[in-house]
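Every read-out reported here was derived from the displayed coordinates using simple, explicitly stated rules and does not represent laboratory data. In this text the structure is predicted, and so the values were computed from the model without any measurement. For neighbour counting, all protein chains shown are included, and Cβ atoms are generated from backbone atoms with ideal geometry for every residue, glycine included.
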Amino acid sequence: MEKTKERRIRKLRKKRIWPSIIGLFFILGMIMIAVSGEMLTLISNIVNRELMYGYRLSEKVAKSAEVVLKDETKSPEEMMKLIEYMMDEVKAVCIFDEDGELLWASSDKQPDPKEVVQGVISLSGKEMVVDVMIPAGEEFFSFGVDGDLQLREKFLNLTDISNIRMDGSRMLVDEDVWYMLPAQGKTVWVMCNLRIYGQDLQLAIIGMSFLPFVIALFSIYYLWSMIGMIVSQKRTTKIIYTDMITGGENWLAFIRKSTRKIKKVRKLKKKNKQLVVAHLRMKKYRSFCTCFGISRGEELIERIYLLLKKHIKRGEVFAHYEKADFGFLLVCQDSADLTARLMRILSSIEQAFPEIKLQLSFGVCYVENHRDDVEELYNNAVLARELCAEDKDPQIGFFDIEMSKQRLWEQKVEADMERALAQREFQVYLQPKISTGDETLGGAEALVRWIHPTEGFVPPNKFIPIFEQNGFILKLDDYMLQEVAMQQAKWIAKGQKVVPISVNVSRAHFTREDLAEHICEIVDRYHVPHNVIELELTESAFFDDKKVLLATVKKLRDAGFLVSMDDFGAGYSSLNSLKELSLDVLKIDADFFRGAESLDRGMLIVSEVIDLAKKLNMKIVAEGIESREQVDFLTDQECDMIQGYFFAKPMPINEFEKKYNQNS
């Protein structure tokens, strides 16, 4: 979920205005092309119309010429009489023979036959010579796309702005066009006047006049929209990067700025400067909120934020992380300079709040020799603070090589855990529980051991805490329960005597209300009686959802399982837990039997706990027993079973079978 959120924010942050600007020019270009195309089409239609009119007029002249040419008795003067009524629009007529020799002309205006090209409109000065050897009628103008474009281009070249003039209230184009038509084996050339008036082009002129206005209006609207989008994006980005408690920049802004700063410093290779990522925590923040309320707690965080801001130099970055945690990217010369500065920060906060015991502590990780991943650097600083000794003064922890090795180990464990579970690298070891009366086997506890293919034997304390933190402990617990149930089923099938084997149920399991049904489903796969499985709960589970815990324990006991409380006495509310929970077995924590100075007091407490458990009808198991004196004491106190190295260490199942002959 966190990665998805970061991806969306990164996408929003990278959104640029250039695509919108390019889109504006593209749209404006398309508008201009579309409008210009329409205007050109309109002009072309007007030109075609006028050319067609001239062609029809020339046809009439050609027909009149045919009448004269058919009758050899008629003179050219009679030809002039036939076309006299058209001479206002026909400016000149010429007749050529088959060899191109001029036979007759109505005036001194004559075409140049050398410039005639079939099917192509050519220009000669201000004249447009049209070869009409193409079939007559409208097909004359049906040049197709290429011809139409050619016609349009040549006419526009002919009638550029210099050729457009005002005649009174009319704007017109006045050009001479020659038409060539066949008549009785001869060629008749007719010059007509092509005129286009202003009212003919009125729509085109108006359209072209309004085009800049439309483009300007659209551009203003589009630019206004883009400005609004930019402002909205900046507001959204500001909200995204604002911390809701302090009002300053939040953790996302810290990551972004810190990453840029680290890359910039490394690029410049400033040897006299060292970058460090620091983590500050106020340990008693939860207690403060409990006493004074969450609102007062947030006010305190805001005040601390403003105080810390005064200690931040130019080029450094800091932000509120969560709850009472702050992150810093600081610049220092050496560790002594950094320590002195952090102590000044701690001192200034303590002086600002003398009435509150904040218990502030720092964790520090140098950026040098580490990757640019700010999150990883900050986690290293958090780890350094957590591993800082409680009695150390000042409370400043520095991340070192050993911590780095621990981090690498955690990453390796998390990378291998799924594979290890699938390949059954987790082995079940059994530690016997010995009855105090006759010192015979009374039960056993299933403990997990990891036989790694490259690391070899991995002790539980090197992977169990990691699994509890990342949640993999849930899968491991189910695996252990399944392995124990399967082993019990094998022994029962062989006719061997079986004793109850206890399996740990981690605290994390009690987040699900169907835990009892889930456990029954696993055990029932192997048809094992429930009373040969003992489920050990840690006392810390009592601090979670008590209602779910009580309901689950009742369901498990009703189903026939034995339920025990492990590490009794290690928590802070053991007696309260006994009041609420109905259990079958109580396991006394091993710490009661350690430490010579407090041994007598510990034994006194153990004696009272055993007596209390007997009154509550519970069995007692003492774990961590390592001497005969402890065994004799527990036997005298009527403790039910003993578990510890005095009798046996945890051992593989095959060794357990050999040592404790369970054949019936």
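Charges were assigned to the Cβ only: +1 to each Lys and Arg, -1 to each Asp and Glu. The resulting dipole of the stretch 417-659 about its Cα centre is roughly 600 debye. Give me the one-decimal nm value for the distance between modelled label points at residue 316 and residue 425, 7 Å along each residue's Cα-to-Cβ direction. Distance between label points: 4.3 nm.
Just to confirm my numbers, what's the Cα centroid distance between the stretch 412-447 and the stretch 291-330 in Å? Measuring centre to centre over Cα atoms gives 46 Å.
Counting Lys and Arg as +1 and Asp and Glu as -1, what is the net charge of the other residues whose Cβ lies under 12 Å from the Cβ of residue 592? Can you show the working numbers first?
Details: positive: 587, 594, 601; negative: 567, 589, 591, 600, 608, 623.
Here the charged neighbours net out to -3.
As an exercise, use a Förster radius of 22 Å and the Cβ-Cβ distance of residue 415 and residue 482 to find the FRET efficiency, rounded to the nearest 0.05.
Working: r = 24 Å, r/R0 = 1.08.
Efficiency for this residue pair is about 0.40.
Here the simple spin-label model places points 7 Å from the Cα toward Cβ, and for residue 273 and residue 628 these points are separated by 7.2 nm. Summing Lys and Arg as +1 and Asp and Glu as -1 over all other residues whose Cβ lies under 15 Å from the Cβ of residue 467 gives a net charge of -2. Size of the stretch 417-659: Rg and Dmax of its alpha carbons, in Å, are 17.7, 51. Taking 0.36 nm per residue of separation and subtracting the Cα-Cα distance, full extension of the segment from residue 401 to residue 558 would add 51.3 nm. Of the GluC sites (Glu not before Pro) in the stretch 271-357, the ones in a loop by DSSP (not H, G, I, E or B) with at most 11 other beta carbons within 10 Å are 355.
Other residues lying with their Cβ under 13 Å from the Cβ of residue 184 contribute a combined charge of -1, Lys and Arg counting +1, Asp and Glu -1.
Starting from 0.36 nm per residue, how many nanometres of slack lie between residue 333 and residue 52 once their C-alpha separation is accounted for?
Values: separation 281, 0.36 × 281 = 101.16 nm, distance 9.15 nm.
Extending this stretch completely gives an extra 92.0 nm.
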